[in-house]
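Worksheet for the structure shown next.
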C-alpha cells in the first residue's frame with residue numbers, strides 16, 4: 001500500500017458523547033507516519049469523572065471498570081503532543097469531531113493542518129453508498145479491528161487514506177495540475193497533501209470517475225385507460241400495492257399527446273431512479289437540486305476556499321453534475337451546495353425546463369403547489385387549465401403542502417453562506433443566541449407573543465431587513481432569510497410557528513398555515529383537472545388535503561392489480577423476540593419510538609454480533625444512507641430497526657427484504673407541532689384525524705415494503721392494540737384488504753359520494 005510522503009498523524013478518540021467539555025474522551029490513539037512509513041504508535045484508555053452511557057459502552061465495549069486506575073487526559077497530554085510533533089498533518093475520519101473533543105480536554109489542534117478521510121473518500125470513491133468507516137472498511141476490505149476502538153479506527157483510517165492516495169495516483173497530468181491549483185486555495189492540510197501528489201503518467205481520466213447507475217424496475221407491459229376529469233371535480237384512483245401502478249399511469253399519459261399531464265410524486269429523486277421513463281417524460285427538477293452554472297463560476301473564482309468548498313469545486317469539475325444526485329456530495333458540502341450553488345425560481349437553468357414540454361412532466365408535490373400558489377411563477381405559462389394534474393401518493397399531500405405553503409430556515413445553511421460575509425455572520429451569531437435563549441432547552445418550542453415582541457427579536461428583524469436588501473448574497477440565502485423573517489414577524493402568531501433543535505445539533509425555524517385545505521382548494525382543485533391516487537377506502541378521509549366542500553368522484557377505469565402479501569397478526573409475538581432471535585434473511589422491524597430502538601440496541605447488539613448477526617439501529621448506526629448501505633452489505637441474517645417515518649423514505653433496491661415486522665402502530669406523535677395544532681380543528685380528533693392518517697401511513701408502509709421485498713413478501717403486525725382496542729379490528733381488516741390479491745377485473749363498486757360521512761366511525 002502506498003501512502004503520502006508527508007509527515008502525518010492518524011488519530012481517533014472514543015468519547016462519552018458529542019458535546020465538547022460536557023462529554024469526555026475515554027480513549028485516544030494515534031499512529032505517526034513519515035516518508036510513508038509508520039514511526040510511532042500511541043493507544044491509551046482515559047479515566048473520566050462522568051458516567052459512560054450504556055449506548056457508548058455497547059458501541060465501544062469500554063466498561064467503567066476498564067478505566068479504573070487509568071490516568072486522566074491531562075496526564076497523557078504531554079506524551080500525545082510529543083508523539084504528534086510540530087510538522088505533521090492531522091488525519092482522521094470526520095476529524096473535526098475529534099479536534100473539537102480534544103480541545104475540550106485542553107489539547108488544542110484546531111490551528112494544525114488537517115485532512116478528513118471521509119471527505120477524501122467521497123472524492124475518489126463515488127460508487128460507495130456511504131462513507132462511514134464501518135461500511136467503507138467492509139467494502140474496501142480494510143483492517144478494522146477492533147471496531148469502534150480508537151486504535152482499530154486509526155488502522156482502518158490509515159488504510160483508507162492509502163486507498164484514496166492510490167486512486168489519486170491514477171489521475172493524468174492535466175487533472176493533477178488542476179486539483180493542485182484548487183487545493184492550493186484551500187485549507188493547509190489539503191494544500192500540503194496535494195502538493196505531494198506526483199504528476200501522473202496516465203493519459204486519460206480513470207474509469208472510477210463516474211456515478212453508479214441505479215437499479216430500476218423492469219418496464220411495464222400492462223396499459224391502462226386514463227381519464228381527464230372536469231375542472232372542479234377531484235377524480236380519485238384507489239391505489240394498490242403494485243409497485244408498477246404509477247409506471248402504468250405514466251406510460252398511458254405519455255401516449256396521450258392531447259394534453260400535458262403533470263404527475264406529482266412525493267419523492268422525485270427516488271421515483272425518477274426507480275421508473276423507466278421515455279423521451280415523452282421530462283423530470284422537472286426543483287431549484288434547490290439544480291446547479292446554477294453562474295453560481296458555480298462565482299464559487300470557482302474565489303481567491304480562497306474552505307476545505308468543503310475546495311472538494312466540492314473539484315467534484316463539480318470531475319463529475320459535471322447538473323443536479324445534486326449527479327455527484328457524491330458529502331458532509332458539509334451539502335450546506336455549501338444549498339447556500340451557494342442552487343438555482344432559484346428565476347434562474348435560467350430552472351426556467352428552461354418549462355419550454356417545449358412533452359406529454360408528461362414528472363415533478364414533486366412541493367413544486368406543483370409552489371406553481372399553483374404563485375401566479376408570477378415561471379411555470380404558469382406552461383401549467384394552464386388545459387393541463388391534467390395527477391397526484392401520486394396523495395395521502396402525503398397535507399405534509400408536503402405544509403412545506404410548500406410554509407417557511408423553513410436552517411441555521412447551518414445560513415452559516416455556510418456566511419463564511420465570508422461579516423453582516424450575515426453577525427446575524428447568524430445573534431440568531432443562534434436568540435434560539436438558545438428562546439427554546440429554553442426544549443427541542444421543539446412554539447413561539448409566543450412575548451418571544452416576538454422582545455427587544456432582541458426587534459434587533460434580529462432590523463438586521464434581517466438590511467440583509468434582505470443585500471444583492472450580493474446568493475438567492476438561496478435570501479430564501480432562508482425570508483423564511484427567518486416570516487418566522488419572527490408578529491404575523492407569525494397567526495400561523496403554526498416553532499423553533500426546533502434536532503439530534504445532529506442543527507437548528508431550524510418553521511412557520512406553517514393553520515390549515516392547507518382551503519389554500520389548495522383555491523389554488524388547485526377549483527382551477528385545474530385533478531386526479532389523485534389514494535389508498536383504498538380513503539377517498540373521503542383526506543380532510544386536511546382535500547377541502548370538505550370539494551366534489552369527489554372515483555375513477556374505476558384504472559384497475560388495481562397486485563400479487564398478494566401474506567400478513568399475520570400473532571398475539572404472543574414480541575418485537576424483542578424478533579430482534580434477539582431474527583429469522584433467516586433480512587428483516588426490517590418498525591419500532592414505535594427511539595426509546596424502544598435504544599433498548600433493543602443496548603440489550604442485543606453484543607450477543608447478535610457474537611453470533612455473526614448484524615443489528616442496525618436508527619440513531620445508533622448513523623444516518624439513513626449509512627444504514628441502507630450497511631443493511632445491503634450485511635451477511636444474512638440481518639436486522640434493521642427503525643421508525644415507520646424513516647422507513648417511508650428509504651430507497652433500497654427491489655428484492656432486498658425478506659420480512660417486515662410492524663412492532664407498533666404508527667400513530668402520529670400527539671406533540672408533533674403541526675399535528676397537535678391541526679387536531680384542534682376536529683370534534684373527535686382521534687377518529688376524524690388520527691385514525692385516517694394511521695390508515696394512510698400503514699398503506700404507504702405496505703407499499704414501500706412491496707417495492708423492496710423479495711418474491712414471497714410477508715408482513716407481521718405484533719402490536720397488542722390490534723386485539724385489545726375497539727379500533728383494532730378495523731385496522732386489521734384494512735391491512736388485510738390492502739394485501740389481498742387483485743386482478744384485472746377488480747373494480748371499485750361504489751362511487752365516493754355513496755360512502756356515508758361516518759364511514760370511518762363504522763369502521764372503528
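Some observations on this one:
- Principal-axis analysis of the Cα atoms of the chain puts helix 624-633 at an angle of about 80° to the longest axis.
- Each of 73, 371 has some number of other Cβ atoms within 10 Å of its Cβ, and from fewest to most they run 73, 371.
- Taking 44, 166 and counting other C-beta atoms within 10 Å, the order from fewest to most: 166, 44
- Dividing the helix sum by the residues of the chain, where each DSSP H run of 4 or more adds -39500 (n - 2.57), gives a mean residue ellipticity at 222 nm of -11000 deg cm²/dmol.
- Overall form of segment 500-579: oblate. Here a/c, set by the Cα gyration tensor axes a ≥ b ≥ c, is 1.5 or more, and a/b is not larger than b/c.
- Taking a ≥ b ≥ c as the square roots of the eigenvalues of the alpha carbon gyration tensor, segment 278-362 is prolate, as a/c is not under 1.5 and a/b beats b/c.
- Segment residue 468-residue 676, length gained on full extension (0.36 nm per residue, minus Cα span): 71.6 nm
- Added length on full extension, which subtracts the Cα-Cα distance from 0.36 nm per residue, residue 527 to residue 34: 170.5 nm
- In the chain, the longest principal axis of the Cα atoms and the axis of helix 150-168 are about 80 degrees apart.
- Tilt relative to the chain, helix 173-183 - C-alpha long axis, 0 to 90 degrees, to 10: 90 degrees
- Relative contact order (%) - the chain, alpha-carbon pairs under 8 angstrom, separation at least six: 13 percent
- Label separation (residue 594 vs residue 196): 3.9 nm, computed from points 7 Å beyond Cα along the C-beta direction.
- Protection-proxy order for peptides 200-209, 308-317, 602-611, each taking the mean of Cβ atoms within 10 Å per residue, highest first: 308-317, 602-611, 200-209
- Footprinting exposure proxy ranking of 8, 647, fewest other C-beta atoms within 10 angstrom first, gives 647, 8.
- All Cα-Cα separations within segment 91-194 were binned at 10 Å from zero, giving a P(r) of 14, 42, 33, 10, 0, each value a whole percent of the pairs.
- Multiplying the residue separation of residue 108 and residue 633 by 0.36 nm and subtracting their alpha-carbon distance yields 185.2 nm.
- The modelled label-to-label distance between residue 47 and residue 297, using points 7 Å beyond Cα along the C-beta direction, is 6.4 nm.
- Highest mean first, the peptides 244-257, 439-452, 167-180 sorted by other C-beta atoms within 10 Å per residue fall in the order 244-257, 167-180, 439-452.
- Residue 66 versus residue 356: modelled label distance in nm, points set 7 Å from Cα along the beta carbon direction: 6.3 nm
- Taking the square roots of five times each eigenvalue of the Cα gyration tensor of the chain, the equivalent ellipsoid has semi-axes of 45, 31, 28 Å, listed largest first.
Read-outs: derived from the displayed coordinates by stated rules, not from any lab. Worth saying up front: this structure is predicted, and the values here are computed from it rather than measured. Heads up, the Cβs are rebuilt from the backbone with ideal geometry, glycines too, and the neighbour counts pull from every protein chain shown.
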